[in-house]
Amino acid sequence: MRFSWTGLILAPLLVPTIFSAAVLSFQESNGALLFVGFLVLMVPSCIISYCTTIFLFLPSMYLLSLWRPMMGLKVCLLGLALGTLMFVPLTWMDWKSSGTDSGPPTESFLAFFLRWAADPFTAIYPLAGLMTSGLYWWLATWRRGCPSPQ
């Protein structure tokens, strides 16, 4: 699969935009506060999304494409796996600040991880990886007319 600047620029924007808009759709306030709230959610979400895409997804996809041709299903499965994998470091960051007054944690990481992994909201990580990788694949192949295995 070939590299796509369009895919790199646009694909990581989809999930943060949907997530930020969905969270703010339940808020009742004026337009200026909603816009600030949207930005407060959008900026960290974009940082996570772009860093994951640039430093994990693209190198992994390149290495896998040296071994096997990358098609839509394989790209989506890779995104699903990397989205699931991103839950671990983000949970570790939450655990490090889970103590009293954001201090050191009071419970083990394993207990904290298992409690957080049981939350239904955790499903957003693999779903975000799947959506981002699927959109990247679509944007990288739509101009060529048909998917290229390279």
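The values are calculated or read from the model by the stated rules, or taken from the named source; none is laboratory data. In this text, all values refer to a predicted model and were calculated from it rather than measured experimentally. Quick reminder, even Gly has a Cβ in these numbers, built from the backbone with ideal geometry, and neighbours come from all protein chains shown. Side chains are part of the model used for accessible areas, which takes the heavy atoms of the whole protein and leaves out ligands, DNA and RNA. Shrake-Rupley method; radii C 1.70, N 1.55, O 1.52, S 1.80 Å.
Helical runs (DSSP H, four residues minimum) scored at -39500 (n - 2.57) apiece and divided by the length of the chain put the mean residue ellipticity at 222 nm at -22500 deg cm²/dmol. For the range 13-94, carbon and sulfur atoms together expose 80% of the accessible surface, with a 1.4 angstrom probe and every protein chain in place. Within the assembled protein chains, the solvent-accessible surface assigned to Y50 is about 60 Å², based on a 1.4 Å probe. For the chain, the residue among G37, A123, W142 whose Cα projects farthest onto the positive side of the dipole built from Cβ charges is W142. Distance from the C-alpha centroid of the range 93-145 to that of the range 37-85: 12 Å, rounded to the whole angstrom.
Taking the Cα centre of the range 2-131 as origin and assigning +1 to Lys and Arg Cβ atoms and -1 to Asp and Glu Cβ atoms, the resulting dipole is close to 600 debye.
Using a probe of 1.4 angstrom and keeping all protein chains present, the accessible surface of the chain works out to 62 square angstrom per residue.
Computed from backbone phi, the HN-Hα couplings of the range 97-114 come to 10, 8, x, 5, 6, 6, x, x, x, 9, 10, 5, 5, 4, 5, 5, 4, 5 Hz, rounded to whole numbers (Karplus: 6.51 cos²θ - 1.76 cosθ + 1.60, θ = phi - 60°; Gly and Pro given as x). Close amide H contacts of S98 (hydrogens built in the peptide plane, cut-off under 5 Å, sequence separation of 5 or more or a different chain): none are found. The figure for F112 is an accessible area of roughly 10 square angstrom, using a 1.4 Å probe on the protein chains alone. Computed with every protein chain present, the accessible area of T132 is close to 20 Å² [probe 1.4 Å]. Taking the C-alpha atoms only, the angle from helix 87-96 to the longest principal axis of the chain is near 20 degrees.
What does the C-alpha gyration tensor say about the overall shape of the chain? Classify as rounded when a/c is under 1.5, otherwise prolate if a/b is larger than b/c, or oblate. Cα axes put the chain in the oblate bin.
Contact order, relative form, for the range 36-150: 34 percent (alpha carbon pairs under 8 Å, 6 or more residues apart, mean separation divided by residue count). Each residue of the range 77-83 was assigned a 3J(HN,Hα) from its phi angle through the Karplus expression (A = 6.51, B = -1.76, C = 1.60, θ = phi - 60°), giving 5, 5, x, 4, 5, 5, x Hz with x at Gly and Pro.
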